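Read-outs: derived from the displayed coordinates by stated rules, not from any lab. Computed from a prediction, not measured in an experiment: that's the story for all the values here. Note that we place each Cβ from the backbone using ideal geometry, even for glycine, and neighbour counts take in every protein chain shown.
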Ligand SMILES: Nc1ncnc2c1ncn2[C@@H]1O[C@H](COP(=O)(O)OP(=O)(O)OP(=O)(O)O)[C@@H](O)[C@H]1O
Ligand SMILES: [Mg+2]
């Protein structure tokens with residue numbers, strides 16, 4: 001159990017807060033994912049929990065005990081760093097087992113855990129190699145194995161899969177999740193990767209500029225983003241967002257020359273507010289019917305295609321199944337799923353809360 005209360009961090013040589021007023025409670029056995037753009041304070045937060053960086057203000061408790069000043073070694077956690085931090089003069093095996101030796105774990109037990117962990121991360125034939133003889137991805141896996149053998153009840157991982165190829169990454173994703181669940185480890189996991197965040201996490205915390213934007217289950221974050229930042233940060237390609245005017249006579253939201261049909265209920269709720277409209281690429285269909293737009297570019301990915309088009313000076317995308325055959329400057333027609341529209345208050349960028357919408361129309 002880890003609780004942060006109003007945790008702030010200001011680095012000595014800086015006048016900006018790297019982490020601002022973060023309060024969150026992480027449950028025992030939870031897989032908790034931290035995401036946010038580069039420089040938003042993810043590593044700083046993780047390092048404060050590990051005890052490698054002091055906390056400027058606020059309180060950190062581990063298992064109900066205030067731990068701000070606890071030595072790292074007394075926090076009973078393992079950590080995989082963003083830059084792996086291996087000992088260059090030790091072999092892979094020695095690197096993996098280093099912590100266990102320090103803790104005086106019996107040799108037999110050490111060997112058992114080593115064999116298991118090495119197999120899991122695919123390094124069995126590299127145990128005698130030195131870190132300099134390994135690729136970046138292999139080094140990263142040594143760091144992972146070191147965390148796995150420690151069997152600490154809390155594990156902190158900072159982008160542990162960033163240097164692996166797509167196939168290995170998908171495999172390690174499952175392995176890590178599996179180990180975490182099997183051993184009931186409390187995991188705090190930093191990633192840039194949308195897929196990792198969505199598929200591994202019990203909950204996700206989205207950070208921006210050191211501040212919490214939203215904490216919730218992956219689907220909550222995806223379906224009910226609380227503000228425009230979260231809406232556009234999670235999801236790939238990003239949610240399309242633009243200023244819009246609500247036309248109460250036609251029941252449409254107008255974005256440039258685009259007319260997005262709304263329900264009467266939406267219009268009445270939105271008519272007196274200055275809002276921006278958002279829709280995810282997968283909720284726009286492309287075909288013979290709907291609004292005409294000019295294709296800017298098409299990305300055909302094999303099983304799906306992404307069509308980019310300009311809407312009122314913004315580049316919007318539609319994501320459709322299959323292999324779309326259209327070219328730049330061609331006109332295609334797009335339709336919007338009205339029950340999937342998002343609205344954000346323009347002044348605050350907060351999500352505009354709507355009453356339940358059951359009616360579904362596409363025009
Ligand atoms: N040792 C340091 N001294 C001063 N400022 C620092 C230090 N380490 C980090 N910062 C600053 O604190 C902010 C947060 O950095 P941090 O490393 O936590 O970001 P991050 O979210 O992990 O980014 P990335 O995704 O790129 O790893 C950044 O603005 C960074 O410049
Ligand atoms: Mg970082």
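Filter segment 182-194 down to the residues that are assigned to a helix (DSSP H, G or I) and in contact (Cβ under 8 Å) with a residue 24 or more places away in the chain, then identify the one that is nearest to ligand 1 (Cβ to nearest atom).
Once the filter is applied, the top-ranked residue is 194.
Could you check segment 242-273 and list, in sequence order, the residues that are touching a residue at least 60 places away in the same chain (Cβ under 8 Å), in contact with a strand residue (DSSP E or B) (Cβ under 7 Å, 6 or more places away or on another chain) and either surrounded by 20 or more Cβ atoms within 10 Å (Cβ to Cβ) or over 26 Å from residue 192 (Cβ atoms) (or both)?
Initially, segment 242-273 is screened for residues touching a residue at least 60 places away in the same chain (Cβ under 8 Å), giving 242-243, 253, 260-263, 265-266, 269-270, 273.
Then keep just the ones that are in contact with a strand residue (DSSP E or B) (Cβ under 7 Å, 6 or more places away or on another chain); that gives 242-243, 253, 260-262, 270, 273.
Correct list: 243, 253, 260, 261, 262, 270, 273.
Does residue 160 satisfy the condition of being outside any helix (DSSP H, G or I) and either out of contact with any helix residue (DSSP H, G or I) (no Cβ under 9 Å at 6 or more places or on another chain) or within 30 Å of residue 294 (Cβ to Cβ) (or both)? Give the steps one after another, and end with the answer.
Values: outside any helix (DSSP H, G or I): yes; either out of contact with any helix residue (DSSP H, G or I) (no Cβ under 9 Å at 6 or more places or on another chain) or within 30 Å of residue 294 (Cβ to Cβ) (or both): no.
Against the criterion (outside any helix (DSSP H, G or I) and either out of contact with any helix residue (DSSP H, G or I) (no Cβ under 9 Å at 6 or more places or on another chain) or within 30 Å of residue 294 (Cβ to Cβ) (or both)), residue 160 does not qualify.
When residues of segment 7-51 are filtered for being buried (at least 18 other Cβ atoms within 10 Å of the Cβ), part of a strand (DSSP E or B) and either within 7 Å of ligand 1 (Cβ to nearest atom) or in contact (Cβ under 8 Å) with a residue 60 or more places away in the chain (or both), how many remain?
The qualifying residues number 12.
Considering every residue within segment 165-185, establish whether at least one is crowded, with 18+ Cβ neighbours inside 10 Å, under 15 Å from residue 95 (Cβ atoms) and away from ligand 2 (no atom under 16 Å from the Cβ).
no
Counting only residues that are within 16 Å of ligand 2 (Cβ to nearest atom) and in a helix (DSSP H, G or I), which one in segment 137-157 is farthest from the chain's Cα centre (by Cα)?
Among them, the one singled out is 143.
Kindly indicate whether any position in segment 54-77 is within 16 Å of ligand 2 (Cβ to nearest atom) and in contact (Cβ under 8 Å) with a residue 24 or more places away in the chain. So that I can check it myself, show each step before the final result.
Quick first cut of segment 54-77, residues within 16 Å of ligand 2 (Cβ to nearest atom) only: none.
No.
Among the residues of segment 195-221, count how many are assigned to a helix (DSSP H, G or I), more than 16 Å from ligand 1 (Cβ to nearest atom) and in contact with a helix residue (DSSP H, G or I) (Cβ under 7 Å, 6 or more places away or on another chain).
Total satisfying the criteria: 5.
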